[in-house]
Amino acid sequence: MSVFDELRAHASLPFKQARMLPIEAYSSAEVLDAELATVFARDWQCVARTADLGDVGDYVCADLPVPGGGMRSIVVIRGEDSIRAFDNVCIHRGAQLLTGCGNESRITCPYHAWVYRHDGSLVGGPYMAESTEADGEPFSPDRHRLPEVRLEVWNGFVFVNLDPVAEPLGPRLAGLDEIVGRFDMGSYVTMRDEIDVWPTNWKLLVENFMDAYHVFKVHKESFGADGDSTGATEMYPGTLGWAHHRVVEADGPYLTADLDDRLDGEWRRTIVLAAVFPGFVIQLQPDWLWFLRITPVGTDRVRIAWQVAVAQRRSRRPMTPTILSPGSMHSSTRSTARTTQSSPGFVEASTARSSIGHRCRISSGTSTTSTATSPPASAGDRQAVPLDPFSSRGRRWRSINPSSVSASAPRRTVSCPIRANDAIWRLLIGSSRSSIARAIATAPVRRGTA
């Protein structure tokens, strides 16, 4: 019996008789090729957050897996009227147009300097005035544009689909939207944005993220440091498009700041863990958000693009800002954050441009290139950002400026998804219960090659 026959037999079982997939499902190159051709090439994949595309010209590049083991490069860019996605190659000779993330008033090919607008239309190319089209007509930029990729925005996340006739994403996630929509994830401010490569099969990572049973044992020194939440975990039926479970501490503390009125009742102490198949998982709390974009790069290697974001304070109370001393800020991001006298522990950051979240990171081995692209915040676009989302558990508010967090701190190697999750959790809470800003500065995760 082939592995595909085993998988068909497995899929025909009633839910109560479900069992683990055969080992070949995780190790077979033939299975991976089939997954790339029938799943990733035809399904919705998360590539960015709208919070990281706040200004006209902001862009993010992403590599999507294709059959045969290659990657298809796309660029997501905010234009004057909307966010769009395009193939990230020049239509002239196929040169890659952009890398990483940043801001461009025009997209210029680095090879022959052909220039494109944010809507993908061609402005023109040097020395093309005397050229002709294939039909003999004079060369006309109006006849050329970048191929567009289907895009949808869901709760502040940007998804793309390489299949032009695939079903839309929104209706598929309607049930999940009813659960997470109340959190307003799109307004959470990015505090860290990383890319790693882990030595595991991509399905094992998705399965592990949605497995709540192992937490009490494997994560007893991190997730379980404040107690065993197994009994407070509620499992819910899933769908072919998404699944989720929740942790609700009936007698636990609220996970929102006192003045944050987004959520009511038990939702103020509810943690939602969800997966949008095939490769997007989130841990959503009232105070912060952690999510992973999972892309297979082999049967035993997976590319993880992950972010940590924190909720903004919602308050009708007027605040009087005072500017931090420039000496306490990172030189490349001075004037992008301010503390408030009336609300210690919060930082005001420019809309959709947190000083850390908008620093581009391009991974190569263990080295990192960071490029600050944010202009100084103006007085009219500041928003409050809580620095310590765990303060509601009794930890002290700390007025630490995220602009001073270094991206060059030493990192500890992790080698499997379970321990990697544990390491990232330590990143979030710190073994000494320090603030998230301090934990972010000492991320215990090995940087992988993107």
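Structure notes:
- Qualifying residues in the range 92-103 (those that are free of Cβ contacts under 8 Å to residues at least 60 places away in the same chain and buried (at least 16 other Cβ atoms within 10 Å of the Cβ)) - the one farthest from residue 159 (Cα to Cα): 97
- One residue alone among 194, 148, 133 is free of Cβ contacts under 8 Å to residues at least 60 places away in the same chain and in contact with a Lys or Arg (Cβ under 8 Å, 6 or more places away or on another chain), and that residue is 133.
- Look at (1) within 27 Å of residue 295 (Cβ to Cβ); (2) surrounded by fewer than 16 Cβ atoms within 10 Å (Cβ to Cβ); (3) of a type in the set (A, V, I, L, M, F, W, C) and you find that residue 85 fails only one, number (2).
- Filtered residues of the range 161-182 (kept if outside any helix (DSSP H, G or I) and touching a residue at least 40 places away in the same chain (Cβ under 8 Å)): 161, 162, 163, 166, 173
- Taking the range 1-92 and the strands (runs of 3 or more DSSP E) fully enclosed by it, the elements with 1 or more residues that are in contact with a Cys (Cβ under 8 Å, 6 or more places away or on another chain) and hydrophobic (A, V, I, L, M, F, W, C) are at 58-65, 71-78.
- Qualifying residue in the range 110-123 (condition: crowded, with 16+ Cβ neighbours inside 10 Å and within 29 Å of residue 38 (Cβ to Cβ)): yes
- Residue within the range 141-160 that is surrounded by fewer than 16 Cβ atoms within 10 Å (Cβ to Cβ), modelled with pLDDT under 95 and either in a loop (DSSP other than H, G, I, E, B) or among the polar types (S, T, N, Q) (or both) present: no
The values are calculated or read from the model by the stated rules, or taken from the named source; none is laboratory data. Since the structure is predicted, the reported quantities are computational estimates derived from the model, not experimental observations. A quick note on method: Cβ atoms are made from the backbone with ideal geometry, for glycine too, and the neighbour counts reach across all protein chains shown.
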